[in-house]
Each structure stands twice: as structure tokens, then as C-alpha cells.
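S.K.: Just passing along the structure, written as C-alpha cells.
The values are calculated or read from the model by the stated rules, or taken from the named source; none is laboratory data. For clarity, every value in this text was computed on a predicted model and none was experimentally measured. Neighbour counts are summed over all protein chains in view; Cβ atoms, including those assigned to glycine, are modelled from backbone coordinates with ideal geometry. Note: accessible area is taken over every heavy atom of the protein model, side chains too, but ligands, DNA and RNA are not part of it. Shrake-Rupley method; radii C 1.70, N 1.55, O 1.52, S 1.80 Å.
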Amino acid sequence: MSKLFPTYARYPFDIVSGHDCYLTDDQQNTYLDFTSGIGVCNLGYSNTAVQQSVATQLQKVWHTSNLYESQLQEQVADLLVGAADKLVFFCNSGTEANEAALKLARKATGKSAVLAFSDSFHGRTYGALSMTDNPAIQAGFGPLVPDISFAPYNDNAALPQITADLAAVILEVVQGEGGVNPASSAWLHSVAAKCQQEHVLLIIDEVQTGNGRTGQLFAYQHYGLQPDIVTTAKGLANGLPVGALIGNADLATAFAPGSHGTTFGGNKLAMAAAKAVLIQLTPEFLAQVQTKAAYLEQLLQTELAPLPQVSAITGLGLMQGIHLTIPVAPVVAALQQEHLLTLTAKHETLRLLPPLTISEEQLAHGVAIIKQVLTK
């Protein structure tokens, strides 16, 4: 009998090794991976630069307190923000980054109200969970953080809810867990303009969409947005626990010494991995991601969209959702039997998050397997 809390309905195999875009389980089955560990191992499972960077740091020191300066943190922060007048706080996960964003927004503005959106997902700690529109995962946890409300996503009916009494608006450019729902450029700009008009901070959650997933370092860059706060995690260190809050420099006084902290955030091993990841996310690499994404989108539209089991294809970059007219869970299980790993999302959505290093041939093979399973 397992000694673990049953918080996960686990698939009956253990992943024991990985290489490039493939994973092998404890029963010697090898799978083509379209999950990246839920958007985490964006550079695959054997990235030499990440491995070498972590191994080198491991021989020096793998943890020190944040009471001391960290050149590695400074270097990773510089890679994240460049010449922009922004500051970075490192933590351990996306939910921690969103907790920090909630605290920062409230402290900086002196206001407590926050607006989030339908089908949002921002994490499972109390503040992040309170900004998440998913009653199923909120059930039973008692009163959540107050003064958080919701508006319809990608809908101009939300705009009147952005008023001067808000500390912040938080949104995902493409909702991941909520069903791979991309927002329109026009709506995003309308939200940003209303936030600016009402002096409300705009927080963009890039936990899943960031670090090259959509073909830009961050998804908001596709639309020329200027958020006040950005949160990121998942692919930032290719599998080592890390999260980051990026905020405008004029918010610094709200996060003065002692106002917020973390024991493990900015850990030197995580920073070594993050540095190696960000160095590889060059304009040339991101252009290749965009090319592969266009190829995948065309494949999905040609091969899967006409099927009666598919109602729509949505997404951005290498983050795609296949909206099914049938239950998604059995499809994921059937795909595993065909040695392809995929994910689910809300509203019976088959979610694809392949490693950014995947080839077009591997993408085509994966789509062929999905078509085979859907048409059985």
C-alpha cells in the first residue's frame, strides 16, 4: 500500500529515464513525449548545456541563504529582463510567483481587490487558488482569500469590472489548464488600456506560456503588451524547481527588506539550470519554435480538425488544444498504449505541450498516432 497522500490519480507506470523527446518507463516502454512534464522540460530530457551547468555548480555549492549576494541570481535576472527597468524575485514555483504577485500588488497599491477570469488557473496555494476559477479544486478548503472576483475571459463584458478600486487584474494570454484558450489581441489591449486608465496593475501569468513555449520568451510579447508584473516558472530551469516574479522597478519600495522571502528560491542549482536555459533561447531558436509551431498547427487543422470527434483546435506556438466531442481521459489512456504521452485540460481538451526541441518528423508522428486513436 502506498504511503503517499492520494492527491494524484496516477497512471500505472513510473518514468525512469528520458532522452531528447522520449521517456522510458519501468516496464521498458518508450514514449514520444507531448507533455514536457506539463510544460517544464522545454529543452527535452538530455540537454547538454543544462546538465553541464548544474553539474559544474554542484561541485561548488548547491545552496546558500538569500542573506548573501548571488551573482547567479543577478545573471539570470539580467537574462530575463535585459535593459528593461524591471526587477526580479526568485521563488520555487508558479504558484509561489503568483502568491508573490498578489502580495506585491496589494502592498504597492494599498488596495486589496483583484480581478481574475473564468477558466483561469494560477496555482493551488491559498492566494493563487483564490484567483483560480475552478470550484472543483477549491472545494472543502474553507474561506478563500477575500476580495477576489471573476470576469468572463476574452469577452468585452469584463471591461466594466476593471475599476479604480482594484489593486490588480491577473490573466493568462493563453489559458492552459482552463482549456488552451488564447485571448484575442484586441481584448488583451482593451484590458491593458482599461487597467492603465484606472491605475490598476496588470499581472500576466506566464507560468505555462513563458520561456519560449509560444515562440517568444513570453507570450505577451506577441501583442506588444506592457504588463506591470509577470510571473513565470515551469520551463525556466528545464525541470529544476524555480519560479520568478518580474515587476516594474517602481514597485521596489513595496518589497523592501523583510517584506517577502523564501528559503529555497533562487537556489544555486536552479539558477545554474535557468541560466543555461535562457542562454539557449536565442532569437534564432525562438524563430525555429515558431516554424515548428506553424507546421504543427497546419497538421492539426488538416489531419484532426475535420474529424467528428474534434470540435475545435486552439492554441499558440507549441501549446495546442484539441477540443473533443468525446471524453478526453480515455483518449489519453489509449494514446499511452500507442506510446504517446499527452495531457488533459478543462472542457474535454486534449492538451499538447511537446518539447521545443522536437522535430517536425516527431510532430507528424505524434499527430498520426492521435488521428489513429481518434478514428478507431
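S.K.: Please report the accessible area of Tyr295 (heavy atoms, 1.4 Å probe, ligands and nucleic acids excluded) in Å², nearest 10.
M.R.: Roughly 60 Å² of Tyr295 is accessible to a 1.4 Å probe.
S.K.: Which order do the peptides 134-146, 97-109 come out in when sorted by mean C-beta neighbours inside 10 angstrom, highest first?
M.R.: Details: 134-146: 9.9, 97-109: 23.9.
Per-residue Cβ counts within 10 Å, averaged per peptide and sorted highest first, yield 97-109, 134-146.
S.K.: Tally up the carbon and sulfur contribution to the accessible surface of the chain as a whole percent, 1.4 Å probe, everything protein left in place.
M.R.: Carbon plus sulfur share of accessible area: 56 percent.
S.K.: On average, how much accessible surface per residue is there in the chain, in Å², for a 1.4 Å probe, leaving out ligands, DNA and RNA?
M.R.: Numbers: 16710 Å² over 376 residues.
Counting only protein heavy atoms, the per-residue value for the chain is 44 Å².
S.K.: Moving on to the next point. Got a sec? What order do Phe117, Phe285 fall in by accessible area at 1.4 Å, biggest, i.e. largest, first?
M.R.: In descending accessible area the options line up as Phe285, Phe117.
S.K.: Starting from a Cα-only point model with no solvent, please compute log10 I(q)/I(0) by Debye for region 95-244 at q = 0.09, 0.13, 0.14, 0.16 1/Å.
M.R.: For region 95-244, the Cα-only Debye profile gives -0.24, -0.52, -0.61, -0.81.
S.K.: Below 8 Å, C-alpha to C-alpha, sequence gap of six or more: please give me the relative contact order for region 231-359 in percent.
M.R.: 16 percent
S.K.: Once ligands and nucleic acids are excluded and a 1.4 Å probe is used, how much of Met319 is accessible, expressed in Å² to the nearest 10?
M.R.: 0 Å²
S.K.: Still on this structure: With 10 Å bins from zero, work out the P(r) of region 111-186 over every alpha carbon pair and list the percent per bin.
M.R.: The percentages, shortest bin first, are 19, 52, 27, 2.
S.K.: Here's a follow-up. Pick from Glu69, Glu348, Glu360: which is most flexible by mean-square fluctuation in a GNM of the chain where alpha carbon atoms under 10 Å apart are linked?
M.R.: Judging by the Gaussian network model, the answer is Glu69.
S.K.: Now a separate question. Would you please give the residues with an amide H less than 5 Å from that of Ala312, counting only those at least 5 places away or on a separate chain, with H modeled from the backbone geometry?
M.R.: Excluding prolines and chain starts, which carry no amide H, the hits are His323.
S.K.: Calculate how many DSSP beta bridges within the chain are antiparallel, expressed in % of all such bridges and rounded to the nearest 5.
M.R.: 65 percent
S.K.: Report the residue, chosen from Gln280, Gln197, Gln73, that carries the largest GNM mean-square fluctuation when the chain is represented by alpha-carbon nodes joined by springs under 10 Å.
M.R.: Gln197
S.K.: Which of Leu316, Leu67, Leu245 moves the most in a Gaussian network model of the chain with Cα springs under 10 Å?
M.R.: Fluctuation is largest for Leu67.
S.K.: Would you please classify the overall shape of region 223-266 from the alpha carbon gyration tensor, given that a ≥ b ≥ c denote the square roots of the eigenvalues, rounded means a/c under 1.5, and beyond that prolate means a/b larger than b/c while oblate covers the rest?
M.R.: Judged from the Cα gyration tensor, region 223-266 comes out oblate (a/c at least 1.5, b/c at or above a/b).
S.K.: When the helix-only estimate is applied to the chain (DSSP H runs of n ≥ 4, each -39,500 (n - 2.57), divided by the residue count), what is the mean residue ellipticity at 222 nm, nearest 500 deg cm²/dmol?
M.R.: Helices in the chain give a 222 nm mean residue ellipticity of -9500 deg cm²/dmol.
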